[in-house]
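Encoded as structure tokens, the structure appears first; notes follow it.
Readers should treat all values here as calculations from the given coordinates under stated rules, not as data from a laboratory. Because the structure is predicted, anything quoted here is derived from the model rather than measured. For neighbour counting, all protein chains shown are included, and Cβ atoms are generated from backbone atoms with ideal geometry for every residue, glycine included.
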Amino acid sequence: MGIKLERNLQFETRTPLSLGVIDLRVLAKDVPLVLIGFIATLVVALPIGYGTGFLVSPTPPAFEPLDWFIDIAKIVFFEEILFRALIFGGLHNRLGLVPAIVLSAAIFGSLHLIQFPMPMAIMAGWAGVVLAWQYAKSRRLSTPILTHAMIIVVQFFVLP
């Protein structure tokens with residue numbers, strides 16, 4: 001009976017990435033992390049996008065700011081809860097930080113092939129690395145959510 005109690009104590013003292021708790025607080029100390037992640041994503045993604053011809057002048061969307069906000073929020077919240085909180089968090093608990101980042105980013109990038117060509121999958125894979133690192137560093141889902149939203153805003157409304 002003492003061995004069973006000891007095993008339970010060892011399990012309870014682990015400090016895995018918090019799953020099931022989706023912390024959406026935005027703290028001032030996370031602002032530099034969001035900006036670093038945003039810049040790190042663009043520094044890699046833009047050369048891939050322009051170098052492959054994937055990023056071209058878009059047709060400007062109709063001006064419906066509320067619709068834009070809702071569409072971007074749906075994409076970002078769904079993807080961040082699924083890929084960072086659930087997939088990355090679960091992999092992190094089982095495999096550790098680096099394997100979880102690599103594997104979750106590969107899954108994130110490859111699933112973009114459903115709708116987009118290979119350059120987008122590569123850019124999304126890199127973004128997956130950055131966003132998972134941000135989530136692990138801050139332990140708050142708000143950090144990758146803000147970065148992801150900024151990337152989508154730039155992708156849809158600023159580039160090229």
Counting residues in the stretch 58-160 as N, plug N into 2.2 N^0.38 Å and put the Cα Rg over that result.
1.10
Place a point 7 Å from Cα of residue 50 in the direction of its Cβ. Which residues in the stretch 119-160 have their backbone N less than 15 Å from it?
155, 158-160
If R₀ is 30 angstrom, what is the calculated FRET efficiency for the pair residue 35 and residue 110, using the beta carbon separation as r and rounding to 0.05?
0.60
D_trans [Stokes-Einstein, Kirkwood Rh over alpha-carbon pairs] for the stretch 119-160, 25 °C, 0.890 mPa s, µm² s⁻¹
228
Give me the percent relative contact order of the stretch 54-160, please, defined on Cα pairs under 8 angstrom at least 6 residues apart.
34
Distance from a point 7 Å along Cα→Cβ of residue 73 to each backbone N in the stretch 138-160: keep the residues under 18 Å and list them by number.
141-154
Per-q log10 I(q)/I(0), the stretch 69-112, q = 0.24 Å⁻¹ (Debye; single scatterer per alpha-carbon; no solvent):
-0.77
For the ranges 30-36, 64-70, what's the packing order if you count other beta-carbon atoms within 10 Å of each residue, average per peptide, and put the highest first?
30-36, 64-70
